[in-house]
Amino acid sequence: MLLCAAVVLCALGAMGEEPLCRILGNPETPQLSKDGDIRIGGVFSIHRTIRLPVINLREFRYAQAMIFAIEEINNSNSLLPNVTLGYEIYDSCTSTVGAMRAAMALVNGQDQMAHSGCAGKPVVHAIVGESESSSTIVIARTTGTFHIPIISHFATCACLSNKNEFPTFFRTIPSDYYQSRALAQMVKHFGWTWVGTVRSDNDYGNSGMSVFEEAAKDEGVCIEYSEVILRNYPQQRITKVVEVIKRSTSKVIIAFSSLTEMDVLLEEILLQNVTGLQWVASDSWITARYLAIPRTSAVISSVIGFTITKSTVPGLNDFLVKVHPSKSPQNALLKEFWEASFACMFSQRNETTDVKLCSGKEKLAELSNEYTDFSELMSSNVYKAVYAVAHALHELLTCKQGKGHTLNESCVDKANIQGAQVVKYLHEVNFTTHTGERVYFDLNGDPTARYELVNWQKGEDGEIKFVTIGYYDASLPAGKQFTMNDNNIFWPKSVCSESCQPGTSQAVIRGKPICCFSCIPCAAGEISNVTGRTFSSSNNSLTISIYPALLLTKLNVTKKGDPIAGCMSTGMINKSATGLIFFHFMETPIVKANNSELSFLLLFSLILCFLCSLTFIGRPSQWSCMLRHTVFGVTFAMCMSCVLAKTIVVVNAFKASVPGSNVLQCSAPLQRLSVLCCTLIQVVICALWVSLAPPVPNRNTAYSTDKVILECDVGSAVGFWAVLGYIGLLSLMCFVLAFLARKLPDNFNEAKFITFSMLIFCAVWITFIPAYVSSPGKFTVAVEIFAILASSYGLLFCIFLPKCYIILFKPEKNTRRHIMANPYICTKQRTVVEPHWCGCFSFC
């Protein structure tokens with residue numbers, strides 16, 4: 001039956017005689033046609049069904065848009081000059097069978113064969129259409145064998161992008177792959193995690209919904225039901241689908257359906273009066289004026305969906321309203337269109353029918369229907385499809401060296417164009433329309449995916465208006481593809497389960513999607529999965545709000561101030577005052593005896609030690625965690641290096657047996673070098689620690705059920721204890737050397753002071769280890785700060801406080817003779833001989 005209109009039986013006669021050809025059945029004839037040097041085919045669903053031929057005004061508009069584009073090209077002097085385009089437009093009657101018959105007619109040229117024997121050959125070199133994906137697939141598979149390209153303005157099935165199956169297919173509308181993903185992102189944007197779906201039981205609906213379900217799963221959206229419909233389904237099956245929708249708990253329904261299926265579905269929706277749903281439409285019906293009528297909008301007034309971006313074709317609307325049956329009196333389709341538009345007849349077909357006669361003076365410009373709907377968007381796609389074919393033909397017929405032709409290739413004659421040549425040049429098409437829109441095809445024959453988010457809104461006159469409230473551009477980076485312009489619209493809520501209240505957490509219900517859950521009391525110390533900001537109390541009766549616990553302090557020394565801040569501030573003041581005293585009395589013997597250069601360096605390192613405690617205060621971050629431990633390690637290593645250098649100088653000075661033998665060991669360059677080397681070793685340890693396993697911020701929930709402890713995880717325990725161990729090693733060396741120098745001359749008591757300071761320092765840090773390990777939460781940081789402040793105060797008071805006391809309150813002891821204690825006296829010259837260790841100190 002499918003082939004009865006296309007199969008030609010050829011009975012060969014005797015050898016040398018012309019074969020005799022006969023057509024079975026009536027040949028297919030185009031509804032609209034015009035001769036030309038090159039003809040373009042068109043297939044549109046001009047009638048809604050085969051059995052009940054009701055004209056589809058929107059599809060008739062597409063056919064007229066194709067004619068308009070061809071007429072415009074024929075009047076152009078720059079595009080296809082000296083070439084006239086013709087057209088053959090067929091009606092598929094919204095049927096794959098009709099689409100097959102139209103395709104075979106365009107390929108075989110049956111209308112010519114009926115009058116000229118077996119001279120039939122393809123009458124077109126490209127086809128524009130169809131509107132439905134299933135019909136387009138039939139045409140593409142039929143014409144692909146003959147290398148005839150088909151450019152669709154409305155077929156969006158993602159399956160058509162497969163070049164292995166459809167090598168000659170192109171389209172001027174984006175693939176449903178992008179639309180389905182855009183719909184999933186939009187649903188997630190509005191917080192609709194519980195939705196129902198309805199799709200056409202054809203390639204368009206099944207392919208588009210498959211991509212949507214996959215994308216929705218990635219977005220965390222659950223689907224309550226998934227129903228299919230088809231215009232040919234029995235009424236009982238359509239009724240059952242609507243009953244499923246009516247019983248559902250979801251308030252949002254995704255309708256990935258073609259226009260004809262939606263027409264059938266909405267009839268039953270109206271019959272059962274199903275209201276209160278938020279409809280999400282696919283591009284096939286979101287802008288269908290035929291559906292947005294007062295009767296339909298009473299039950300589906302809230303509709304949102306994506307459509308292609310607006311593109312107005314200059315002059316098209318004027319052309320559409322000038323269509324008139326008188327311009328082609330023999331064309332029955334134009335008369336049918338006129339009668340359907342104005343509800344009249346040109347002749348009285350039935351005497352009992354009381355219908356007004358058409359005068360022919362009616363004006364299309366005064367009508368408001370699908371044909372005259374100037375907001376309709378797909379007409380521009382038809383326009384771009386025709387122009388794409390024209391540009392491909394223009395490049396094919398233009399003989400220019402290096403532009404489509406080699407030096408040895410002859411120019412293509414317009415009478416000998418092959419379909420494969422047109423396919424080749426369609427892949428290379430790249431032009432800009434009169435509206436400034438760029439037209440080109442990717443490797444799959446698809447354009448760039450750009451959509452407008454359209455919402456049905458009722459105007460003041462009561463009619464539905466298509467209002468753009470957002471955009472989707474697949475060419476943009478992820479996260480920036482979907483944007484909303486209007487956030488003032490009230491949208492319904494559609495979830496399977498409400499969020500759990502404080503004190504409860506989510507529990508999965510067996511056999512239900514993850515969006516459906518029950519709320520059970522929180523276990524002690526567990527975070528609720530609903531909001532992620534609550535903890536259960538110990539008795540499970542109430543969820544307590546989590547708040548972060550970290551060490552904060554006020555930097556003041558008032559009575560109400562934080563004690564840690566007071567200690568830090570006092571220490572900074574004391575060290576600064578000590579430095580000023582030493583600087584002011586720099587030329588006095590006691591300052592010189594203390595090796596002023598090392599003393600100032602030690603004071604500077606102690607100031608850094610006090611300052612490094614500031615890094616332990618406040619909210620931990622990646623940088624603060626690394627800074628607090630590395631700065632602490634380096635500053636204390638510098639401090640201990642200075643003390644060690646001072647101790648070595650004292651020991652060397654007083655243990656020398658021959659005067660002047662240790663001058664080299666007491667030289668200032670060696671002192672500086674020793675401090676630098678000892679500090680650099682700690683720098684290397686810290687660098688390895690930070691590069692291999694650095695300290696990082698951590699949220700500790702194990703200690704308390706009502707607090708989150710914000711702390712710094714040391715990263716590598718080996719690195720942390722290596723830093724502390726190196727400081728301990730330096731301090732131990734200082735203590736041992738100072739202890740060995742305890743019997744030095746009484747008046748030079750630097751070694752005793754260093755011994756006491758090291759006793760305090762070592763006692764503090766030995767006590768620190770068990771206290772640090774056992775301290776809970778933020779008190780770990782407090783213990784560390786205490787150790788830093790206590791050891792710093794010990795060094796400051798034991799080493800510098802006695803010197804400051806003598807400088808300020810005992811100036812009579814701040815003399816060279818008193819510092820030297822018992823100098824040697826030469827009896828012959830009666831002069832004072834300086835001790836052998838005096839060369840190590842500048843006061844000598």
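Pull out all pairs, ordered by first then second residue, where Cβ-Cβ is under 6 Å, the residues are six or more apart or on different chains, the first lies in the range 483-510 and is over 30 Å from THR309 (Cβ atoms), and the second is of a type in the set (S, T, N, Q) and part of a strand (DSSP E or B).
From residues that are over 30 Å from THR309 (Cβ atoms), the pairs are CYS500/GLN506; PRO502/THR534; PRO502/THR543; GLY503/THR543; ALA507/SER518; ILE509/SER518.
Here are some residues: GLU224, GLU219. Which one is under 22 Å from the mean Cα position of the chain (by Cα) and over 14 Å from LEU265 (Cβ atoms)?
Only one candidate qualifies: GLU219.
Here's a check for you: in the range 296-317, which residue that is outside any loop (DSSP other than H, G, I, E, B) and under 20 Å from VAL264 (Cβ atoms) is nearest to the chain's Cα centre (by Cα)?
GLY305
Could you please find all residues in the range 145-166 being closer than 19 Å to GLY98 by Cβ and either assigned to a loop (DSSP other than H, G, I, E, B) or more than 38 Å from the chain's Cα centre (by Cα) (or both)?
ILE148, HIS153, PHE154, ALA155, CYS157
For VAL198, are the conditions met, namely being part of a strand (DSSP E or B), of a type in the set (A, V, I, L, M, F, W, C) and surrounded by 15 or more Cβ atoms within 10 Å (Cβ to Cβ)?
yes
Residue-by-condition table, conditions (1) farther than 29 Å from GLU437 by Cα; (2) not assigned by TED's automatic domain parsing to the domain that holds TYR371:
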site: ASN273; (1), (2): yes, yes
site: ILE286; (1), (2): no, yes
site: THR296; (1), (2): yes, yes
site: SER301; (1), (2): yes, yes
site: THR309; (1), (2): no, yes
site: ASP318; (1), (2): no, no
site: VAL323; (1), (2): no, no
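GLU261 passes all but one of (1) farther than 23 Å from GLU376 by Cβ; (2) in contact with a strand residue (DSSP E or B) (Cβ under 9 Å, 6 or more places away or on another chain); (3) not in a loop (DSSP other than H, G, I, E, B); which number fails?
(1)
Go through SER596, SER545 for me and flag whichever is surrounded by 15 or more Cβ atoms within 10 Å (Cβ to Cβ) and either modelled with pLDDT under 75 or over 23 Å from THR630 (Cα atoms) (or both).
SER596
May I ask you to verify whether VAL211 is out of contact with any strand residue (DSSP E or B) (no Cβ under 8 Å at 6 or more places or on another chain) and β-branched (Val, Ile, Thr)?
It is true that VAL211 is out of contact with any strand residue (DSSP E or B) (no Cβ under 8 Å at 6 or more places or on another chain) and β-branched (Val, Ile, Thr).
With the structure loaded, tell me whether VAL244 is surrounded by fewer than 21 Cβ atoms within 10 Å (Cβ to Cβ) and at pLDDT 95 or above or whether it fails that test.
In short, yes.
Within the range 214-234, how many residues are buried (at least 17 other Cβ atoms within 10 Å of the Cβ) and in a helix (DSSP H, G or I)?
So the answer is 2.
Restricting to the range 167-189, give me the number of residues that are assigned to a loop (DSSP other than H, G, I, E, B), in contact with a strand residue (DSSP E or B) (Cβ under 8 Å, 6 or more places away or on another chain) and of a type outside the set (A, V, I, L, M).
3
Just name the residue that is surrounded by the fewest Cβ atoms within 10 Å (Cβ to Cβ) out of those in the range 68-94 that are assigned to a helix (DSSP H, G or I) and not hydrophobic (A, V, I, L, M, F, W, C).
Filtering first and then ranking leaves GLU71.
State all residues of the range 273-294 that are of a type in the set (A, V, I, L, M), farther than 14 Å from ASN369 by Cβ and within 35 Å of the chain's Cα centre (by Cα); if no residue qualifies, say none.
Within the range 273-294, LEU277, VAL280, ALA281, ILE286 qualify.
So that you can scan it fast, the table gives a plain yes or no per residue for (1) over 28 Å from GLY479 (Cα atoms); (2) touching a helix residue (DSSP H, G or I) at 6+ places or on another chain (Cβ under 6 Å):
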residue	(1), (2)
SER210	no, no
ASP218	no, no
VAL221	no, yes
TYR233	yes, no
VAL242	yes, yes
SER248	yes, no
ILE253	no, no
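What about LEU407, is it more than 30 Å from ILE293 (Cα to Cα), at pLDDT 70 or above and more than 40 Å from the chain's Cα centre (by Cα)?
Answer is no for this residue.
What single numbered condition from (1) surrounded by fewer than 17 Cβ atoms within 10 Å (Cβ to Cβ); (2) farther than 15 Å from GLU370 by Cβ; (3) touching a Leu at 6+ places or on another chain (Cβ under 6 Å) fails to hold for LEU270?
(3)
The values are calculated or read from the model by the stated rules, or taken from the named source; none is laboratory data. The shown structure was predicted, so the numbers you read here are calculated from the model rather than taken from an experiment. When we count neighbours, we look across all protein chains shown, and the Cβ atoms used for this are built from the backbone with ideal geometry, even at glycine.
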